[in-house]
Amino acid sequence: MAIGSFPVEAGQVLAFARAIGDESPVYRSAAAAAEIGLAGIPAPPTYVQASAHFDPDYPLRPNPGQDWFGSGAGPGTHDPRGAGVLHAEQHFEYHRPLLVGDVLTATVTPGETWEKTGRRGGKLVFTEQTTIYRDASGTPVVTARVVAVRTEHAPSQK
């Protein structure tokens with residue numbers, strides 16, 4: 001992920017909260033946020049995933065004029081992460097509340113890789129990746145860890 005700048009904006013926080021079905025007033029009202037001790041309107045817990053919209057190379061978003069694996073527009077479209085890649089886990093560690101007005105940068109580092117034998121898809125290869133989101137002062141705000149799993153071949157129908 002190559003994110004130079006990810007602004008946390010009030011309208012986007014409200015839209016994200018509504019999209020996940022969270023109608024808490026803290027996502028739209030500074031007064032409601034202050035009532036629970038926050039210095040501003042917070043972002044919902046998984047909001048940092050929206051930073052993908054600021055990554056020009058994010059592979060899971062359609063790009064005008066380019067084949068997209070999710071379009072089904074014809075042969076040759078494929079998941080750029082490879083066949084049989086699944087999202088296995090996601091963890092978020094908050095070092096402080098993420099607030100409207102924050103502008104984040106992200107640093108992505110690969111983590112561990114390990115293998116297991118699957119019952120239907122052959123060898124399973126797990127890989128982890130850690131993203132640290134920092135505020136303008138360089139202080140970590142959120143650490144996100146994702147684990148993906150790739151199957152050796154298409155799962156058998158047992």
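Extension gain for Asn63-Ala34 works out to 6.5 nm (0.36 nm per residue, less the C-alpha to C-alpha distance). If R0 is 25 Å, the Cβ-Cβ spacing of Ser5 and Lys116 corresponds to a FRET efficiency of close to 0.05.
Along the stretch 30-46 the Karplus relation, 6.51 cos²θ - 1.76 cosθ + 1.60 evaluated at θ = phi - 60°, assigns HN-Hα couplings of 5, 5, 5, 5, 5, 4, 9, x, 9, 7, x, 6, x, 8, x, x, 9 Hz to successive residues, with x for each Gly and Pro. Peptides 13-19, 130-136, 59-65, ordered by how many other C-beta atoms sit within 10 Å of their residues on average, highest first, read 130-136, 13-19, 59-65.
Values in this text are rule-based calculations from the coordinates and carry no lab data. Since this is a predicted model, take the numbers as computed values, not measurements. Note: ideal-geometry Cβ built from the backbone for every residue, glycine included; neighbour counts use all protein chains shown.
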